Amino acid sequence: MENAPKITLEQIQAPIADRIRSYERYIASILHSDNAYVGSISDYILGNRGKQLRPLLVLLSAALHGEIGQRSYMGASLVEMIHTASLIHDDVVDEAYVRRGKPSVNALWHARTAVLIGDYIFARTYHVCLQNKGWDMLTEVTRSIHEVCEGELIQTEQTEKLAMTREIYYDIIYKKTAALLGACGATGAISVGADEEHVNRMREFGNNLGVAFQIKDDILDYSPMEVTGKPTGGDMRERKITLPLLYVLEQSTPAERDLLLAKLSDVRNSPDHVEYLCRAVERGGGLDHARQCMAEYRDKALAFLDGYPDSDVLRSLRLFADFVLSRDK
C-alpha cells in the first residue's frame, strides 16, 4: 500500500464535484447571520473545517442510492455541524488554542463565546432539519450524538483508572468515532429514500470504517509533529491507553506491565516518559498490530459495498475507505 499512488480528496470527490459546490453554498446559507459579530465567527468556522470527510460520506452514500438533492445537503450539514460544534466544545474543555494549525474559536473569542457559538450551530442545524421535515435523518444522527458523549465519558473514567481492556477500547472508539460515521452512511441513504436494507448496509459500512479511522488516529499519535502537526504521544500525555500501547501491555509480563503503567501514570510529572513508552510500543510491535487491525476493519467496511453495480460513485467510496488508512494527519 505504501508504494501505491497517493489517494487525494479530489479523486474521491470527482463524481459529485458539482454537488459539493452546491452543498458549500447550502451550508453557508443556513449558518448566515445578519448580526456582524455572529457572522464573523460563523465565517471563520466555515473557512477552517478540515477535510470534511463526514459530509462527503453522506453525499457519496446518497449518490450511490439516488439523486443528491436538498435533503442530502441538509443531512450532510447536520452531521458536519454537529461534529464541528463538538470540536469547538472540546477545545474549550481541553483549553486548546490551536485547531488544524489555526487559532481555535476559544483562542480568538474566549471560552464563553466558543460554548455559545457551538450551541448556536447545534440549534441552527437542528432547526433547519426539523423545519424541513428531516425527522428521519435527525433521529439517525441524534442516536450517534449520545454515543459520542458516552464514549468520551467512558474514556475519561478509564484514563483515571489506567485499566483499559480490548473490549472497553473498542466500545470507546465505536462510540467516539464510528457511530457518527455510521450515521453519515445511513443518513445519505435515508436522504434519497433508500430502503431499510441499504440504509443498514451503509450504516455498517460507516461503523466499520469509523473503527479503522480511529485506529489510524491512534497510530498517527506516534508520528513526528512535523508530519501530523500535533505533538508525538499526545494521547499518552493525557494518560490514554490506545490500541498500540494496549497490545504491548497485553504481551508484557506482569513486571513489564507494571513498569509501563507506572511510567504512564506519572507522565504528567515526567514528560520524558512519553519517549520511553513510544520506544516500548515500537519495539513491542504495537504499531504493526494496530495497522493489521485497522486494515481488517477497512476490509469489513468494504464488504458492505459488495453487490452494488459498478459506478464512479462506488469506486469513490472504495477510495474513501483507502484514504482513511493512507492519510498522514
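Listed values, structure above:
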item	result
From the options 80, 10, residue that is open to solvent by 70 Å² or more (accessible area, probe 1.4 Å), in a helix (DSSP H, G or I) and not aromatic (Phe, Trp, Tyr)	10
Among the candidates 210, 206, 188, residue that is surrounded by 21 or more Cβ atoms within 10 Å (Cβ to Cβ), in contact (Cβ under 8 Å) with a residue 60 or more places away in the chain and under 24 Å from residue 328 (Cβ atoms)	206
Scan of the stretch 25-68 for residues that are over 28 Å from residue 327 (Cα atoms), open to solvent by less than 30 Å² (accessible area, probe 1.4 Å) and in a loop (DSSP other than H, G, I, E, B), ordered by number	31, 33
Looking only at the stretch 67-83, and only at residues there that are of a type in the set (D, E, K, R) and touching a residue at least 60 places away in the same chain (Cβ under 8 Å), the one that is nearest to residue 313 (Cα to Cα)	67
Set 233, 188: member being over 30 Å from residue 272 (Cα atoms) and of a type outside the set (S, T, N, Q)	188
Identity of the residue in the stretch 159-185, touching a residue at least 24 places away in the same chain (Cβ under 8 Å) and small (Gly, Ala, Ser), that ends up farthest from residue 133 (Cα to Cα)	178
Residue match in the stretch 149-165 (condition: assigned to a helix (DSSP H, G or I), closer than 16 Å to residue 76 by Cβ and of a type outside the set (D, E, K, R))	no
Test: residue in the stretch 138-149 that is out of contact with any His (no Cβ under 7 Å at 6 or more places or on another chain), crowded, with 21+ Cβ neighbours inside 10 Å and among the β-branched types (Val, Ile, Thr)	yes
Residue that is surrounded by the most Cβ atoms within 10 Å (Cβ to Cβ) [pool: residues in the stretch 245-259 that are in contact (Cβ under 8 Å) with a residue 12 or more places away in the chain and either touching a Cys at 6+ places or on another chain (Cβ under 9 Å) or hydrophobic (A, V, I, L, M, F, W, C) (or both)]	245
Tabulated pairs, the stretch 272-292, first farther than 12 Å from residue 232 by Cβ, second open to solvent by 100 Å² or more (accessible area, probe 1.4 Å), C-beta under 8 angstrom, 6+ apart or interchain	284/251; 285/251
Filtered residue count, the stretch 132-148, keeping only those that are of a type in the set (Lys, Arg) and either assigned to a helix (DSSP H, G or I) or within 13 Å of residue 175 (Cα to Cα) (or both)	1
Residue among 22, 86 that is at pLDDT 95 or above, assigned to a helix (DSSP H, G or I) and either surrounded by 13 or more Cβ atoms within 10 Å (Cβ to Cβ) or touching a His at 6+ places or on another chain (Cβ under 8 Å) (or both)	22
Hey, residue 86 farther than 15 Å from residue 47 by Cα, of a type outside the set (D, E, K, R) and within 15 Å of the chain's Cα centre (by Cα) or not	yes
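Per-residue answers, yes or no, for (1) open to solvent by 80 Å² or more (accessible area, probe 1.4 Å); (2) not in a helix (DSSP H, G or I):
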{"residue": "267", "(1), (2)": "no, yes"}
{"residue": "276", "(1), (2)": "no, no"}
{"residue": "280", "(1), (2)": "no, no"}
{"residue": "309", "(1), (2)": "yes, yes"}
{"residue": "317", "(1), (2)": "no, no"}
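A quick yes/no check of all residues on (1) surrounded by 14 or more Cβ atoms within 10 Å (Cβ to Cβ); (2) of a type in the set (A, V, I, L, M); (3) in a helix (DSSP H, G or I):
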residue	(1), (2), (3)
91	yes, no, yes
96	no, yes, no
106	yes, no, yes
109	yes, no, yes
113	yes, no, yes
118	yes, no, yes
121	yes, yes, yes
124	yes, no, yes
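Conditions (1) in contact (Cβ under 8 Å) with a residue 60 or more places away in the chain; (2) out of contact with any helix residue (DSSP H, G or I) (no Cβ under 9 Å at 6 or more places or on another chain), marked per residue:
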residue: 113; (1), (2): yes, no
residue: 117; (1), (2): yes, no
residue: 134; (1), (2): yes, no
residue: 138; (1), (2): yes, no
residue: 143; (1), (2): no, no
residue: 148; (1), (2): yes, no
residue: 151; (1), (2): no, no
residue: 157; (1), (2): no, yes
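The values are calculated or read from the model by the stated rules, or taken from the named source; none is laboratory data. Predicted model, so just to flag it, every value in this text is computed and none were measured. Note: ideal-geometry Cβ built from the backbone for every residue, glycine included; neighbour counts use all protein chains shown. With ligands, DNA and RNA removed, areas are computed over all heavy atoms of the protein, side chains included. Shrake-Rupley method; radii C 1.70, N 1.55, O 1.52, S 1.80 Å.
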